[in-house]
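Notes follow the structure.
The values are calculated or read from the model by the stated rules, or taken from the named source; none is laboratory data. Quick caveat, the model's predicted, so the values are computed rather than measured. Here the Cβ positions follow ideal geometry from the backbone for every residue, glycine too, while neighbour counts run over all protein chains shown. Each accessible area value is taken on the protein alone, full model and side chains, heavy atoms only, with ligands, DNA and RNA left out. Shrake-Rupley method; radii C 1.70, N 1.55, O 1.52, S 1.80 Å.
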Amino acid sequence: MRDRTTMYRLVDTDLFRQLMRRTGNGSPVTGRQLARAAGVAHGTVGSLLTGEQKTLPEEKAMALAQRLGVDLLVVFEPVCRSTTTVQAYAALVQPVEEASA
């Protein structure tokens, strides 16, 4: 049986760069430092920055977002492979007005 790891797509390379310049604690982080802290290859971070790589498994995306000091969905979005997945995701993400009602 095939593993169904959710993949996440980088939302914006410029945002990723900006978050590296000023992480959640206010300090900058280099690509190598970010990779080391997140447990990913530094080439992965470089490829994300150049746009050569656009997606990552959930575990790696979460580790990068955590080191940057932001929620996962600030910098990555899930890659939905089927209508069912899209509908299930949409059901989980309610507009703010609905969630507070």
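Before moving on, here are some points about what is shown:
- For the stretch 1-57, the fraction of 1.4 Å probe accessible surface lying on carbon and sulfur atoms is 46 percent.
- Under 19 Å from the residue 22 label point (7 Å along Cα→beta-carbon), backbone N, the stretch 49-70: 65-70
- Label positions at residue 70 and residue 6, each projected 7 Å from the Cα along the C-beta direction, are separated by 1.8 nm.
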